[in-house]
Every structure is written in structure tokens, then in C-alpha cells.
Amino acid sequence: MPRRTDAPLRWSPAQRRLHWAVAFLILLAFPIAWVMAAVPFEELLLKFLLFQVHKTLGLLVLIAALLRLVIRFRRGRPEWDPGLPGWQRKAAGRLHAALYVLLLVVPVLGYLVACTAPVQIPTLFFGILPVPAIVGESKPWFPLLLDLHRAAAIALVLLATGHAAAAIHNHRRDLPVLRRMWSG
Ligand code: HEM
Ligand code: HEM
């Protein structure tokens, strides 16, 4: 991410809302993925609905992440809190970059999993808007993409957990890092 000389004083309301919205969407999409895969085919309607909810939440993550990146490149971010040592700023910068990459990679892989699945279930955004498939069913690619999608999603959740733990740790040290992401 580029460093800017004219850094804003605080996170904008859009940056803050999108940050928490993405965290909330992932908090829902991740557990739903395991449940939808475990639901037996006998309960077809429930399985179908859970797949649609999972895919809609995932596509919302992709849209929100793209929006966040546009705002981030145009506006930048506030300066690091002066109470954070240099190594922590460096580590947090790299972690944030990795999170942004995964916020794009996980939903794109999920979309490709849906396109290549042996059983073609349409992807309906919010249950109504059909999302076109850019590639067709593929027996060799599907399991590979599913493994990658699952592994990237687990990495995203693990990194986000470490990131949240660091934010809470700094909050308990009385640094305003969490406060300014929450309330500006
Ligand atoms: C950040 C967003 C997402 C997260 C955290 C996520 C997470 C996961 C996880 C953990 C699994 C593996 C479940 C299992 O193996 O039991 C999975 C499966 C799947 N996801 Fe996602 N996903 C996301 C976005 C998407 C998107 C955008 C789509 C499609 C438009 C999608 C479609 C699928 C499909 C089709 C499966 C395969 C289920 C199966 O056939 O077993 N995901 N997802
Ligand atoms: C899936 C969940 C999450 C993701 C993907 C995520 C991602 C990110 C990213 C990419 C940034 C950097 C923003 C930028 O530079 O534009 C950030 C900042 C931040 N996040 Fe999260 N986050 C998540 C959850 C959380 C949680 C649960 C907390 C707190 C408990 C938290 C606290 C913060 C704080 C305080 C900042 C600002 C850091 C600073 O001012 O230097 N995040 N987050």
C-alpha cells in the first residue's frame, strides 16, 4: 500500500463501516460453509438455501473489499499510532496487505468452485439475481479449487483472528487504535 504524505487524521465513516461490515459477513459466511456442506442431500431445499446465502455473503465480501481498496488508494489511512513500536507497524502493515489479498482471493476462488462444480446449481445473488458462470463444469479443476478455496478461507479467518487479538491487546494497553476504527 502506498504511504502518503497527506495522511488523513482519522478513518472515514465509509472505511469504518466497510471494515466492520466485512468482518460481520465473514463471521457469517465461514460457519455457514461447513453447515451447508454437512447438510445431507435428502434436505435439498435447506442445502440449496444455505448455498445461496453463503454465495451471496461471499460476493458481498468481494464487493465490499473492492470498495475498501478503492477508498484506501484514493484517501490513504491515518498515521500509525505513535505508541506502536516500528516492528509492530511493519508486521501490522504486512498483515493488513495479506488480509486484503485474501479478501479478494477467497471469494474469487469460491466463485470458480461454484462454476466448475459437477452438480451445477445456479448462483443467485440475494436469491434472485443470476450470476453468470465464466467457466463451465470441470471434473479435474473442481476438487483443486475447492481445496484452495477452503484453505484460503481458513487462512483468512486465522489471520483475522490474530489481527483482532492484536487490536484488543493494544486497546488494553490504552492505545486508541481500536477506538478510532470503531468510532472515528
Ligand atoms: C469470504 C468469503 C467466503 C468464505 C469465508 C468462504 C468459506 C468457505 C469454506 C470454509 C468452504 C469449505 C466448506 C467445506 O469444505 O465443508 C467453502 C465452500 C464453498 N464455497 Fe465458499 N467462502 C466464501 C465465498 C464464497 C463465494 C463468493 C462463493 C461463490 C459465489 C462460494 C462458494 C462456495 C462453494 C460452491 C463451496 C463448496 C461447497 C461444496 O461443494 O462442498 N464461497 N466456502
Ligand atoms: C474478518 C475480519 C477482519 C478483517 C478481514 C480485517 C481487515 C482489516 C484490514 C485490511 C485493515 C487495514 C485497513 C487499511 O489499511 O485500509 C484493518 C484495520 C483494523 N482492524 Fe480489522 N479486520 C477484521 C476484523 C477486525 C476485528 C474483529 C477487530 C477488533 C477486535 C479489528 C480491528 C482493526 C483495527 C483497530 C484496525 C485499524 C488499525 C490501525 O489503525 O492501524 N479488525 N482490518
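Close Cβ contacts (under 8 Å, 6 or more residues apart or on different chains) running from residues in the range 57-79 that are modelled with pLDDT under 95 to residues that are in a helix (DSSP H, G or I) and near ligand 1 (Cβ under 10 Å from one of its atoms) are absent. Tell me whether the range 111-118 contains one or more residues that are closer than 20 Å to Q52 by Cα and exposed (fewer than 14 other Cβ atoms within 10 Å of the Cβ). Yes: the range 111-118 contains one or more residues that are closer than 20 Å to Q52 by Cα and exposed (fewer than 14 other Cβ atoms within 10 Å of the Cβ). With respect to the conditions (1) free of Cβ contacts under 8 Å to residues at least 24 places away in the same chain; (2) in contact with a helix residue (DSSP H, G or I) (Cβ under 6 Å, 6 or more places away or on another chain); (3) under 30 Å from D81 (Cβ atoms); (4) among the polar types (S, T, N, Q), T161 lacks only one, and its number is (2). Within the range 62-112, the set of residues being hydroxyl-bearing (S, T, Y) and either within 10 Å of ligand 2 (Cβ to nearest atom) or in contact with a helix residue (DSSP H, G or I) (Cβ under 6 Å, 6 or more places away or on another chain) (or both) comprises Y100 only. Consider the range 141-184 and keep the residues that are in a helix (DSSP H, G or I) and among the charged types (D, E, K, R). The one that is surrounded by the most Cβ atoms within 10 Å (Cβ to Cβ) is R150.
The values are calculated or read from the model by the stated rules, or taken from the named source; none is laboratory data. Small disclaimer: the values here were computed from a predicted structure and weren't measured. For neighbour counting, all protein chains shown are included, and Cβ atoms are generated from backbone atoms with ideal geometry for every residue, glycine included.
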